[in-house]
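Everything on this sheet refers to the single structure shown next.
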Amino acid sequence: MRGGHHAANLAQAGSALDQAAVRAALAREDFAAAEALVSDEVVRRHSASGTADEVRARLGAYRAAGLDEIALAGLSSPDETALVLIAVAP
């Protein structure tokens, strides 16, 4: 959510996020500060996150709205990615 290309998505969703502050915190590797800048509301509005059931439901809602591709982020390995995909499969 730190990239400039996310600004329009944030604005359209009515999300408040100081992207410059997030970029600055990440640049100095202050991950706790960066995390503190991203509210739970921003996470809810811009991700499918939570338990496997919650993610599955959110992905189902995206699919029902016509979304046919997803982007995965924050996963550290192919094995972790596979486990997540298996856990949230419909």
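Every read-out reported here was derived from the displayed coordinates using simple, explicitly stated rules and does not represent laboratory data. In this text the structure is predicted, and so the values were computed from the model without any measurement. Neighbour counts are summed over all protein chains in view; Cβ atoms, including those assigned to glycine, are modelled from backbone coordinates with ideal geometry.
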Qualifying GluC sites (Glu not before Pro) for the range 43-81 [loop in DSSP, other Cβ within 10 Å: at most 13]: GLU69
Residue-averaged 222 nm ellipticity for the chain, from DSSP H runs of 4+ at -39500 (n - 2.57), nearest 500: -17000 deg cm²/dmol
Dmax and Rg, reported as Rg then Dmax, of the chain (C-alpha, Å): 14.5, 40
Contact order relative to length of the chain, as percent, for alpha carbon pairs under 8 angstrom and 6 or more apart: 20 percent
Tilt relative to the chain, helix 52-64 - C-alpha long axis, 0 to 90 degrees, to 10: 90 degrees
